[in-house]
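Before any comments, here is the structure.
Where a number appears in this text, it was derived from the coordinates with a stated rule and is not lab data. Just so we're clear, the structure is a prediction, and the values are computed from it rather than from any experiment. Heads up, the Cβs are rebuilt from the backbone with ideal geometry, glycines too, and the neighbour counts pull from every protein chain shown.
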Amino acid sequence: MRSFLTVNVLFCLIPETQCFAYDGQVEMLVCSCNFITEKDIVDVINGLLDEDCWQLIVPAKVYHAMQKRGRCCGCFPNVVDIIIRTTEQYHARGDSTDAEIFDFMTRLKQFHEENRRADLERRHKGHRAA
């Protein structure tokens, strides 16, 4: 059984005729357009980090690895937060030095801020009259 918790509502991706006991395992739904959970994203990020632990991971790379596409892309800020948290945890478990982790996380946050500014600029251009 695969359960999702979103805005305090629990629903299951099973036919209503089947009944299963709830076992307390709830996955947080991050992308409701594609039914992607936080666990799915964390698993993909860890897989990407296993390939190259210093690569820059962005939401598009995560979605591409899952063979999905961002539809409304409203979940991307949350995906970025999950990427940062998962990457920090991955490197804390590994053999990385604190200096390497700090440098990488600084570059990642700088990249995130630059892209956030670019997104805001694009949104404003769309509201301009021709």
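Going by how many other beta carbons lie within 10 Å of each one, how would you line up THR87, THR37, THR106, fewest first?
Working: THR87 23, THR37 19, THR106 10.
Ranking THR87, THR37, THR106 by Cβ neighbours within 10 Å, fewest first, gives THR106, THR37, THR87.
Mind checking the full-extension length gain between SER32 and ARG93? Use 0.36 nm per residue of separation minus the Cα-Cα distance, one decimal, nm.
Working: separation 61, 0.36 × 61 = 21.96 nm, distance 3.05 nm.
Stretched fully, the SER32-ARG93 segment lengthens by 18.9 nm.
Rank the residues CYS33, CYS72 as a footprinting-exposure proxy: fewest other Cβ atoms within 10 Å of their Cβ go first. The partial results should precede the final answer.
Working: CYS33 13, CYS72 9.
Ranking CYS33, CYS72 by Cβ neighbours within 10 Å, fewest first, gives CYS72, CYS33.
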